[in-house]
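Novice: One structure, as structure tokens, below. Some questions next.
The values are calculated or read from the model by the stated rules, or taken from the named source; none is laboratory data. None of these values were measured; they are calculated from a predicted model. We place every Cβ from the backbone using ideal geometry, glycine too, and count neighbours over all the protein chains shown. When the accessible area is computed, the model is the full protein with side chains, heavy atoms only, and any ligands, DNA or RNA have been set aside. Shrake-Rupley method; radii C 1.70, N 1.55, O 1.52, S 1.80 Å.
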Amino acid sequence: MPELPEVETVARDLRPRLIGATIVGARTNWARTLRSQDPVAFAEGVAGRLVTVVRRRGKQLVVELSGDAALTIHLKMTGQLFVVPAEVPEDPYVRLVLELADGREVRFRDIRKFGKIGLYGRDPASGELVEEVGGAAVFAGVGPEPLDEVFTLRDFRKRLRRRKGRLKPLLTDQSFLAGVGNIYADEALWRARLHPLRSASSLRPPDERRLFEAIGAVLHEAVERRGSSIDDYTAPDGDGSMQETLDVYQRTGEPCSRCGRPVKRIVIGARSTHFCSWCQRLPPAERTGAAAILRTMTGGSVRRGRRWTELGSGGQDGVDPLARFERTRRAAATRRAAARASIEHDPAVRPPVKKRPVG
Ligand SMILES: [Zn+2]
């Protein structure tokens, strides 16, 4: 799922295309894409509004509109946004279209239909986006932005010390930090040399500092590289390149770039977690607790007598994990190319993507 760097990239790509544009209508092909599930009210609600700001909050895009309204767009698993002239043929995965006054359309394409778009007003008192005046703020439960300059090591420590959980689930908890998901939690923990099942309460001040710095560094780098084009993620100006430099995420079995030992994969809360069991060791006092958590979280798939850190290194279903990863990667690249092919025949809309040297 697109995380902070990917959504930030989409926001940056959309900004020059959308700011100043006026929305004249909307077509909904799949009503459940709308949080309200009411296409008529949505079309009436957006018509006549001007796009003033395009930004990101956590993993969502926020398109601010004139008249104190805003759209939130959650890409979820497979959501993609393109801005094209209305005459470009529409492909069957387009779930929602915003029609612009200048003859262009914003198309939300979403193969798996998990994406969500909401239209909200602004509470005159608090200035927050709300469903109704006096109601709860849309982003009330979302934690601080890790790349925000006002978010300091002190704030991070304070939040960390209030939590009891283990690091991986904690980092991906949107109420703890906004925008960090599976990819960047795994990468930040590897950089900070902290085990994903380490408990937050066991961290010493230098551990906290390393983790804080690792989160900031990996997210900054990923934004620079336009995110990781894994699965269906692509942005209006094309794919990212961060996937080429990830150290552990989806690299099960490959040598750790620090110590050379194979990267391990464990399943925590039905999500894959990638780490190096040599560089990211658990303190002895934490090992029994972590093993117990793992047994419940993997639904009993930990084999008796087998060290839990070795789970997944050979693939539980007998399939070579590297071969499976390669197949998944190729399939996703094909889907992204197909998405772009449907709009790329108009060079006036999509200037060629500048290739940046990698490295
Ligand atoms: Zn290592």
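Novice: So, in the chain, how many Lys pairs have Cα atoms under 28 Å apart, if the pair is 8 or more places apart or on different chains?
Specialist: The result is 21.
Novice: To continue, here is another question. DSSP loop trypsin sites (Lys or Arg not before Pro) in the stretch 137-246 with at most 11 other Cβ atoms within 10 Å of their Cβ, which ones?
Specialist: Of the trypsin sites (Lys or Arg not before Pro), the ones in loops of the stretch 137-246 whose Cβ has at most 11 other Cβ atoms within 10 Å are 162, 164.
Novice: Oh, and also: Can you classify the chain as rounded, prolate or oblate using the Cα gyration tensor, where a ≥ b ≥ c are the square roots of its eigenvalues, rounded means a/c under 1.5, and otherwise it's prolate if a/b beats b/c and oblate if not? Present the calculation step by step, with values, prior to reporting the outcome.
Specialist: Details: a/c = 2.09, a/b = 1.55, b/c = 1.34.
Since a/c reaches 1.5 and a/b is larger than b/c, the shape of the chain is classed as prolate.
Novice: Need one word for the stretch 145-206: rounded, prolate or oblate. Basis is the Cα gyration tensor (sqrt eigenvalues a ≥ b ≥ c); a/c below 1.5 gives rounded, then a/b vs b/c decides.
Specialist: rounded
Novice: Still on this structure, please answer the following. Name the residues of the stretch 171-186 whose amide N is less than 19 Å from a point 7 angstrom out from the Cα of residue 136 along the C-beta direction?
Specialist: 173-179
Novice: Here's a follow-up. Rounded to the nearest Å, what's the spacing between the alpha carbon centres of the stretch 14-49 and the stretch 180-229? Just the number, please.
Specialist: Each part's Cα centre sits 36 Å from the other's.
Novice: Enter the accessible area per residue of the chain (Å², integer; probe 1.4 Å; all protein chains in place). Walk me through the numbers before you get to the answer.
Specialist: On the way: 16720 Å² over 359 residues.
Per residue, the chain has an accessible area of 47 Å².
Novice: Let me ask something else about it. Non-local amide H neighbours of residue 65 (under 5 Å, H modeled in plane, Pro and chain starts lacking H): which ones?
Specialist: 52, 70, 71
Novice: As I understand it, the value is the acute angle between the Cα axis of helix 321-341 and the longest principal axis of the Cα atoms of the chain; what does it come to in degrees, rounded to 10?
Specialist: That works out to roughly 10 degrees.
Novice: Shape verdict for the stretch 57-98, please, from the Cα gyration tensor: rounded (a/c under 1.5), prolate (a/b greater than b/c) or oblate.
Specialist: Values: a/c = 3.00, a/b = 1.38, b/c = 2.18.
Cα axes put the stretch 57-98 in the oblate bin.
Novice: Tell me the carbon and sulfur percent of the accessible area for the chain, rounded to whole percent, probe radius 1.4 Å.
Specialist: Reported share for carbon and sulfur atoms: 52 percent.
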